[in-house]
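Undergrad: One structure, as structure tokens, below. Some questions next.
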Amino acid sequence: MKSFENIDAKSVKEAVGLLSKFHQQKKLAAVVGGGSEFLQLMKDHVVEPDYVINLKTIPGLDYIREERGGFRIGALAKLADIEEHAAIRDKLLILAAAAGDAASPQIRNAGTIAGNLCQRPFCWYFRSSNFTCLRKGGQSCFTVTGDGRFHAILGAGPSYIVHPSDTAPALVALGAQIKIAGPAGEKNIPLEKFFLLPSVDYRRENILNPGEIVTEIFVPMPKAGSKGFHHKLRERQAWDHAIVAVDTIVESSGGVVRNAHVVMGGVAPIPWRATKAEEFLRGKKLDEASAKQAGELALEGAKPLKDNVYKIKLAQELIQRGLLASV
Amino acid sequence: MSYQVVGKSTPRTDNTAKVTGEARYTSDVLLPGTLWAKTLRSPHAHARIVQIDTSRAERAPGVRAILTGNDVRGILYGRRYRDISVLAQDKVRFIGERVAAVAADTLEQAEAALDLIDVRYEDLPAVFDVVAAAKDGAPLIHPDMNNYKGLPKQFDQPTNAFVQDVFTRGDIASGFAQADVIVENTYTVPRVHQGFLEPHCCLVWIDEQERIQIWSPCKVPQGLKSSMAAAFDIPKEKIRVNPVTIGGDFGGKGAPFDEPIAYLLALRSGRPVKMVMEYREEFIAGAPRHSGVMRLKTGVKRDGTMVAHEMEAYLDAGAYGGFRPGAVIGGVAHAGGCYRAAHARISVSRVYTNNLPGGQFRAPGEPQGVFAAESHIDCVARKVGMDPAAFRMKNLMVEGDETLTGSHYKDIKAKETLTAVLKASGYDAPKAKNIGRGVAMGYRGPGGGNTAMQLSLNPDGSVVIHTGLFEQGTGTYTTIRQIVAEELRCDPETIRIDTLDTDLGVSYDSGIGGSRGTRVASSAAYSAACDAREKLLTMAEKLLNWPKAEITLDGDFLVHQKKRQRWDELLKGIGRAITGEAVTRDDGHSPVTAFAAQVAEVAVDSATGEVTLRKLTTAHDTGAIMNPVGHQGQIDGGVVQGVGYGMIEYLPVLDGKVEVANFGEYKLPNIQDIPVLKTVIVESASGVGPYKVKGIGENPISPVAPAIANAIEDAVGVRIRDLPLTAEKVYRALREKNG
């Protein structure tokens, strides 16, 4: 691992200030929360900053607060705390389940919600120092000619990574907002708009600019009559990323859908919202046939690589199951 | 025979030190002035080295020594077959091959200096496919192979298929002519890494007497010494391998890795040199279990009698073959299975390619061969319309039979073991839709080996076992302690184990491997204990005037009728210790073997192809079980590694380039992936050595993968012939079947 200087930030303002300063000085600086992801990136020589700004020393940024309209979750809240939070389990079960599906208990005890959303891709070409891939400044995405069994079928090109976050699809399905602090102050945006497609920028996964950090997630309370579903399909049953994950929230009455959110993980470079399926479902009675059709619509336009055709069927199947379980 | 200590569950001798962090591993050993070394690895699969320029690196801060292939001309090493270049000489043969080495004051300086070495390569045609590499006209990877030491058989023309073993029995052509039904299939298996926690590492120091002192987690320390002596043509007595704790072996820690490089750097710098592989390096240039392609063809009569069985196996040895004990991998011949057939032909080739080298991993060759054989037997059974278990029962070898590769065993318990597992697993019980059960079998006799052991009873009352065996992590020390305690009637906890370096006491020890630990060591421990007891009692007779035959031992005491005498007091009186000695030379073919039969029960999601392993039942015919908890640990551990091999693990390699760099991507099974494990012991009165033991370390791993594959076919009617058995493959097969 390359040597670096660690700076313990005492406030969000200080962290933002330091990031901006180093950026202006053309030094490479990075922030670290739980460190479970960041340390590995440094060990694998993927990220080699001159300065590491430690956010854990900022007091009071690990809160989980239930308010009238929803939950406010501080950037440093641990995945394990979200997974075990009684009110979240009660009211945002898919979020608790998604947090609990991430990594391993040890990592969930260290890893933070903001860190989970800002993870770098787990593509093996990206992670291995044996490959200089497009995302690391190389000429090509090796997935195209290589082994792309875990890679994207939707929204991909020129890079074919899938977004690794387990909580992101659940949060997008729940309509979460993300708060970003930067040199120009704070802003709130829908989480869905936080992630970037490689066609926009294949060197990064989200809109964070130099000097910006995530400070809070807000999750609105689901409407009455809503039911959620979360399922993550993986090769091994713990400490593994999704082959396909599906998170749905269906608001219905009498078996008729008022509003549905269908989001997939493991299939695209961003949490992938199946808007066509959502539109189709509105006003429909949920049954075997409509759930199946929604699944098919959700995967319309999928362009699999040679090794990941199976993801299409897996995703369709999981969506169908999720919808049927939601009424 | 009833025992006091032997046969009772006994906690491991090494538990406490490992759990508390007191155990001393190679990377804990630091000598004053130690340098750190790293190697520059080739980015090319097959290329000529046109030029290496180290001048910039030589001037880099902290750098003390640099080596390239030019410094090691003509030096080849290996366990017995010696084909490995210490550093690439003139050409590189795989991506990850060591091209240059730097020793520097700090690890960071060594790493930084590597970036300053300029190498110009000129690509050569490469071959990555094992079957293609074995064909005439393939790029020849080792044109000089006929001159390498330890090659079992020379060839008229150099070839990539440097080992070609063929076992024949009867006349295969007439066998197939007699068959009513012939089934032919090809099976493929990937490379898998041993996954030990501690990567390969070493520390080499040339001491003030110019002796080469090595610290290395090698389970065959005497073998390491021999390999080093042979590679550098130095007398063995100049080399000493010092005891360290081994951080996981699983078969992978028997070969020298960076020791030859560290030695040369130590020689050049005059300083101790330490090398620790990063796990990234383990994945790209360790020596994982061989991948392979196996074609099986079996002829049967309409009533299910096997008449002819043929296998042609190609194992991908990668660029170098010397990382395993022999050039030959005998275990693959287990693809003959434990069945009778009058006519058989089993051929196994080990083939050079431009992939990373293949090595040794628990039951070398067997997981590959048994996956192919036991999957295939199921296919054959189904083809003739028989239940796979009934088909096996009909064809299993019985007393008096020899294996298809010509081995003889007595007290064959194949059918008993199969019967036991069928019963315990509920094989015949009704099952719901998409639930399947599959059976698979294997066998393995305990390996042979040599060891010497001493046991001292000291005037201070201590009992010390002196052994040259390095505890590999399987509990051999615990077992030998039990045996000494049994024979001396003392508490095993009071016995200390003194691990000898390769200088002392032991003329030769063949190390751990081949499930031989208990067979070889238990014999030696027993003989050493008997010898010590005999000497003690002889002394007691002389000093106490008690008739030797009437003296018994009880802990610290010698007992005669009502009289008790502490033996340490007698030893204090005469002023010396008593030493029992034993040399076991038990390296022949085992007269007995041990069968394993397993039933896997799976649930398959017919829409997604997801396979859930619900239950795995394993039956073993065993000899005397020395330490039940340790024995069970070996069974559970073997089964878990079998589940990994069957369902999850593989080292993906693309045109010679390994694609994974860490354990996040190289997936080993977790506790969540492990189903209920059930063990059935089929006791056998036969075994080897004073306690009649059989081996257990390697038996449980091999049948797991085919049992799962067979269960999947039972559940949803698709056959997967390529490991691991992933949801994706099952899904594809289901789609093909259902259109």
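The values are calculated or read from the model by the stated rules, or taken from the named source; none is laboratory data. Owing to the predicted nature of the structure, the values given are computational and were not obtained by experimental measurement. Because the Cβ atoms are built from the backbone with ideal geometry, glycine has one as well, and the counts that use them run over all protein chains shown.
Undergrad: Please return the ranges of strands (runs of 3 or more DSSP E) entirely within segment A:156-223 where 2 or more residues are crowded, with 18+ Cβ neighbours inside 10 Å and touching a helix residue (DSSP H, G or I) at 6+ places or on another chain (Cβ under 9 Å). If you could, list the steps in order and put the result at the bottom.
TA: Details: elements: A:177-182, A:185-190, A:213-220.
Of the strands (runs of 3 or more DSSP E) lying wholly inside segment A:156-223, those with at least 2 residues that are crowded, with 18+ Cβ neighbours inside 10 Å and touching a helix residue (DSSP H, G or I) at 6+ places or on another chain (Cβ under 9 Å) span A:177-182, A:213-220.
Undergrad: Then there's this: What is the number of the single condition among (1) among the hydroxyl-bearing types (S, T, Y); (2) over 29 Å from the mean Cα position of the chain (by Cα); (3) surrounded by 16 or more Cβ atoms within 10 Å (Cβ to Cβ) that B:Y148 does not meet?
TA: Of the numbered conditions (1) among the hydroxyl-bearing types (S, T, Y); (2) over 29 Å from the mean Cα position of the chain (by Cα); (3) surrounded by 16 or more Cβ atoms within 10 Å (Cβ to Cβ), the odd one out for B:Y148 is (2).
Undergrad: How many residues does segment B:694-739 hold that are more than 14 Å from chain A (Cβ to nearest Cβ) and under 22 Å from the mean Cα position of the chain (by Cα)?
TA: The total comes to 14.
Undergrad: Let me ask something else about it. Taking segment B:1-24 as the search range and keeping residues that are of a type in the set (K, R) and closer than 24 Å to B:L488 by Cα, which one is surrounded by the fewest Cβ atoms within 10 Å (Cβ to Cβ)? Please lay out each step first, then the result.
TA: Filtering segment B:1-24 for residues of a type in the set (K, R) gives B:8, B:12, B:18, B:24.
Cutting the leftovers down to closer than 24 Å to B:L488 by Cα gives us B:8, B:12.
On the way: B:K8: 15, B:R12: 20.
Looking at the filtered set, the residue picked out is B:K8.
Undergrad: Still on this structure, I have one more. For residues that are surrounded by fewer than 18 Cβ atoms within 10 Å (Cβ to Cβ) and in contact with a helix residue (DSSP H, G or I) (Cβ under 9 Å, 6 or more places away or on another chain), tally how many sit in segment B:238-249.
TA: Keep residues of segment B:238-249 that are surrounded by fewer than 18 Cβ atoms within 10 Å (Cβ to Cβ), which gives B:238, B:248.
Filter once more, keeping what is in contact with a helix residue (DSSP H, G or I) (Cβ under 9 Å, 6 or more places away or on another chain): B:238.
The qualifying residues number 1.
Conditions tested, residue by residue: (1) of a type in the set (A, V, I, L, M); (2) more than 28 Å from B:D207 (Cβ to Cβ); (3) at pLDDT 95 or above; (4) in contact with a Phe, Trp or Tyr (Cβ under 9 Å, 6 or more places away or on another chain).
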| position | (1), (2), (3), (4) |
| --- | --- |
| B:T39 | no, no, yes, no |
| B:V50 | yes, yes, yes, yes |
| B:G74 | no, no, no, no |
| B:A88 | yes, yes, yes, no |
| B:F94 | no, yes, yes, yes |
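Undergrad: Residues to consider are B:P669, B:P628; find the one that is over 30 Å from B:D411 (Cβ atoms) and assigned by TED's automatic domain parsing to the domain that holds B:G426.
TA: B:P669
Undergrad: Taking strands (runs of 3 or more DSSP E) that fall entirely within segment B:550-652, which contain at least 2 residues that are in contact (Cβ under 8 Å) with a residue 60 or more places away in the chain and under 26 Å from B:G292 (Cα atoms)? It would help to see each step written out before you state the result.
TA: On the way: elements: B:552-554, B:557-560, B:563-566, B:578-586, B:594-604, B:611-622.
Output list reads B:594-604, B:611-622.
Undergrad: Here's something else I'd like to know. Regarding segment B:475-488, can at least one residue be identified that is over 32 Å from the mean Cα position of the chain (by Cα) and surrounded by fewer than 18 Cβ atoms within 10 Å (Cβ to Cβ)? Give the steps one after another, and end with the answer.
TA: Filtering segment B:475-488 for residues over 32 Å from the mean Cα position of the chain (by Cα) gives B:488.
Okay, now just the ones that are also surrounded by fewer than 18 Cβ atoms within 10 Å (Cβ to Cβ), so none.
No, segment B:475-488 has no match at all.
Undergrad: Is it the case that B:I497 is touching a residue at least 12 places away in the same chain (Cβ under 8 Å) and part of a strand (DSSP E or B)?
TA: On the way: touching a residue at least 12 places away in the same chain (Cβ under 8 Å): yes; part of a strand (DSSP E or B): yes.
For B:I497, the condition - touching a residue at least 12 places away in the same chain (Cβ under 8 Å) and part of a strand (DSSP E or B) - is met.
Undergrad: Ok, one more. Please work out which one of (1) modelled with pLDDT of 95 or more; (2) over 26 Å from A:Q25 (Cα atoms); (3) within 14 Å of chain B (Cβ to nearest Cβ) is the condition A:W124 fails and give its number.
TA: So the condition that A:W124 fails would be (1).
Undergrad: Given segment A:230-327, what helices (runs of 4 or more DSSP H) lie entirely inside it while holding 1 or more residues that are among the hydrophobic types (A, V, I, L, M, F, W, C) and within 14 Å of another protein chain (Cβ to nearest Cβ)?
TA: Values: elements: A:275-281, A:288-298, A:310-324.
Helices (runs of 4 or more DSSP H) meeting the threshold: A:288-298, A:310-324.
Undergrad: Can you name every residue in segment A:127-146 that is part of a loop (DSSP other than H, G, I, E, B), more than 11 Å from chain B (Cβ to nearest Cβ) and not hydrophobic (A, V, I, L, M, F, W, C)?
TA: A:G137, A:G138, A:Q139, A:S140 - these are the residues of segment A:127-146 that are part of a loop (DSSP other than H, G, I, E, B), more than 11 Å from chain B (Cβ to nearest Cβ) and not hydrophobic (A, V, I, L, M, F, W, C).
Undergrad: Restricting to helices (runs of 4 or more DSSP H) lying wholly in segment A:1-96: which have 1 or more residues that are among the acidic types (D, E)?
TA: Values: elements: A:12-24, A:38-43, A:79-84, A:86-91.
Because the criterion is at least 1 residues that are among the acidic types (D, E), the helices (runs of 4 or more DSSP H) in segment A:1-96 that meet it are A:12-24, A:79-84, A:86-91.
Undergrad: Do you know which residues across segment B:37-55 are more than 20 Å from B:A65 (Cα to Cα) and touching a Leu at 6+ places or on another chain (Cβ under 9 Å)?
TA: As a first pass, look at segment B:37-55 and keep what is more than 20 Å from B:A65 (Cα to Cα): B:43-50.
Correct list: B:H44, B:A45, B:H46, B:A47, B:R48.
Undergrad: Among B:D83, B:D71, which is the only one that is crowded, with 20+ Cβ neighbours inside 10 Å, of a type in the set (D, E, K, R) and either under 24 Å from B:K225 (Cβ atoms) or in the same structural domain as B:P325 (by TED's automatic domain parsing) (or both)? Walk me through it before giving the result.
TA: Values: B:D71 fails: crowded, with 20+ Cβ neighbours inside 10 Å.
Step by step, each of B:D83, B:D71 is checked, and only B:D83 is crowded, with 20+ Cβ neighbours inside 10 Å, of a type in the set (D, E, K, R) and either under 24 Å from B:K225 (Cβ atoms) or in the same structural domain as B:P325 (by TED's automatic domain parsing) (or both).
Undergrad: For segment A:109-121, what are the residues that are more than 23 Å from A:G301 (Cβ to Cβ) and either of a type in the set (A, V, I, L, M) or within 14 Å of chain B (Cβ to nearest Cβ) (or both)? I'd like the intermediate steps shown before the answer.
TA: Taking segment A:109-121 first, the residues more than 23 Å from A:G301 (Cβ to Cβ) are A:109-120.
Those that are more than 23 Å from A:G301 (Cβ to Cβ) and either of a type in the set (A, V, I, L, M) or within 14 Å of chain B (Cβ to nearest Cβ) (or both): A:A110, A:G111, A:I113, A:A114, A:L117, A:Q119, A:R120.
Undergrad: Moving on. If you scan segment B:679-733, which residues turn out to be assigned to a loop (DSSP other than H, G, I, E, B) and of a type in the set (A, V, I, L, M)?
TA: Within segment B:679-733, B:A685, B:I696, B:I701, B:V718, B:I720, B:L723, B:L725 meet the criteria.
Undergrad: Here's something else I'd like to know. Among B:T608, B:T617, which is closer than 30 Å to B:G644 by Cβ, at pLDDT 95 or above and polar (S, T, N, Q)? Walk me through it before giving the result.
TA: On the way: B:T608 fails: at pLDDT 95 or above.
Residue meeting the stated conditions: B:T617.
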